[in-house]
Amino acid sequence: MVDALPLEQRLAAKAREFGFVACGVAAADAAPKTAERLQQWLREGLHGGMIWMEERAHHRESPAGLWPEVKSVIALGMSYAPATDPLALADEGGVGRISTYAQGGDYHDVVKRALKALARWLVAEAPGIDLKVFVDTAPVMEKPLAEAAGLGWQGKHTNLVSRSEGSWLFLGAIYTTLDIAAFGAAAAASPLIGSPAKAGAQERAADDRARRSLSNDSATGPRPSPGNRAKGKVDQPIPPSTDHCGSCDACQRACPTDAFPAPYRLDARRCISYLTIEHAGPIPLEFRKSIGNRIYGCDDCLAVCPWNKFAAAASANRAFLPRAELVAPELADLLALDDAGFRQVFAGSPIKRIGRDRMVRNCLIAAGNSGDPGLRAQVQRLRGDPNPVVAEAADWAFAELARA
């Protein structure tokens with residue numbers, strides 16, 4: 001019976017019901033190196049203009065820094081694995097490329113809704129506990145916590161990599177005052193769990209399954225069966241992950257702007273995702289040609305990771321299926337957007353938070369790289385845009401198209 005299983009296993013099973021493909025638990029102090037690494041990254045200025053990383057660094061350094069009462073962290077992953085090659089449109093000059101994660105519904109809303117549902121279930125299982133749910137917008141270091149909880153490891157591109165889901169995971173976290181490991185040990189000793197013989201048989205079977213799973217330790221090894229997920233079999237607790245990048249440096253070589261000064265280190269100031277999403281000013285000239293037709297984010301370092309061959313598009317949450325108008329949007333259409341048009345096109349999308357001006361700036365860089373003379377008239381019109389960043393990008397794009 002599912003009800004007779006330890007809490008961590010029931011938690012993992014319930015997480016799958018709510019759309020998560022990965023679930024793990026870590027003690028609140030399970031990622032002790034996070035603070036030191038974060039402070040070094042900030043001291044070197046690699047966070048660029050993301051001032052909020054500095055302002056709330058004391059909260060990010062550890063879960064207890066944000067909430068002193070926290071005992072356990074539940075780390076969760078929801079798949080957005082694409083069905084097509086994210087790099088397929090690299091040579092299509094007349095269209096813009098939007099990062100895979102932003103082509104469907106807003107993950108903030110989808111993941112948070114599932115986190116809240118799982119949190120309600122957990123409160124019913126352990127009355128009297130307190131908890132908080134987080135997805136991306138709070139000062140939470142989701143990736144090292146997910147690694148500590150066994151969901152995967154931080155790869156050389158600094159993103160989480162899962163042996164079963166590749167790099168295509170949205171991460172969320174639940175902080176709770178419940179000591180889940182201690183709770184599970186107490187529950188295992190309870191007569192409500194069943195007879196000692198039955199509990200021992202369940203435990204031995206779980207150990208056997210875990211050993212078989214953990215023996216498939218290479219990127220070329222057998223793939224976990226998706227059939228087990230479909231049949232609702234209960235996941236086993238996952239030990240903390242180890243690094244399986246090996247000698248592979250595909251993500252480092254794939255980066256168009258050399259944003260990795262070393263493996264496992266990211267210089268956000270050179271990252272196309274940062275430049276097209278977080279950076280508000282003019283995009284530095286040295287990166288404009290390398291941006292190509294990317295208008296929101298960049299998938300290159302993720303797309304080339306060999307672990308993605310284990311990520312099944314069928315595992316992706318349907319809320320993240322790409323919207324037709326965001327798969328290969330025409331630059332001409334996007335350059336014509338005003339504020340109201342922008343809000344209409346990107347309603348329900350994470351893209352809406354960057355606003356019309358930043359999106360049009362990005363599209364102008366892509367237009368300048370397109371070699372398409374048919375865009376000149378629209379680019380010319382935008383040279384008079386009231387936003388100086390947009391106007392400057394239009395001047396650059398017009399000059400580039402004049403040379404095409």
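The values are calculated or read from the model by the stated rules, or taken from the named source; none is laboratory data. The shown structure was predicted, so the numbers you read here are calculated from the model rather than taken from an experiment. Because the Cβ atoms are built from the backbone with ideal geometry, glycine has one as well, and the counts that use them run over all protein chains shown. Remember, those area values only see protein heavy atoms, side chains included, never the ligands or the DNA or RNA. Shrake-Rupley method; radii C 1.70, N 1.55, O 1.52, S 1.80 Å.
For the reader, a short list of remarks on this structure follows.
- Subset of region 338-352 that is within 24 Å of the chain's Cα centre (by Cα) and assigned to a loop (DSSP other than H, G, I, E, B) - its residue that is nearest to Gly104 (Cα to Cα): Ser349
- Within the span defined as region 255-265, every residue fails to be modelled with pLDDT of 95 or more, open to solvent by 70 Å² or more (accessible area, probe 1.4 Å), outside any loop (DSSP other than H, G, I, E, B) and not hydrophobic (A, V, I, L, M, F, W, C).
- You will find that of Cys298, Cys363, the residue that is in a loop (DSSP other than H, G, I, E, B) and crowded, with 22+ Cβ neighbours inside 10 Å is Cys298 and no other.
- Every residue from region 152-198 that is open to solvent by less than 20 Å² (accessible area, probe 1.4 Å), assigned to a helix (DSSP H, G or I) and at pLDDT 55 or above: Ile180
- Residue in region 311-350 that is surrounded by the most Cβ atoms within 10 Å (Cβ to Cβ), counting only those that are at pLDDT below 95 and touching a strand residue (DSSP E or B) at 6+ places or on another chain (Cβ under 6 Å): Ala311
- The C-beta contact set for region 241-269 (first residue under 21 Å from Gly152 (Cα atoms), second residue of a type in the set (Lys, Arg) and open to solvent by 60 Å² or more (accessible area, probe 1.4 Å), distance under 9 angstrom, 6+ apart or interchain) comprises Phe260/Arg270.
- The residue of region 382-404 that is farthest from Gly281 (Cα to Cα), among those that are small (Gly, Ala, Ser) and outside any helix (DSSP H, G or I), is Ala404.
- Scan region 302-337 for residues that are assigned to a helix (DSSP H, G or I) and within 18 Å of Ser79 (Cβ to Cβ) and the total you get is 13.
- Considering each residue of region 114-123 in turn, none proves to be free of Cβ contacts under 8 Å to residues at least 24 places away in the same chain and at positive phi.
- Whichever residue in region 112-125 is touching a helix residue (DSSP H, G or I) at 6+ places or on another chain (Cβ under 9 Å) and surrounded by 17 or more Cβ atoms within 10 Å (Cβ to Cβ) and, among such residues, is nearest to Trp168 (Cα to Cα): Ala114
- Inclusion of Ser79 among residues that are closer than 30 Å to Ala126 by Cβ, under 18 Å from the mean Cα position of the chain (by Cα) and polar (S, T, N, Q) is warranted.
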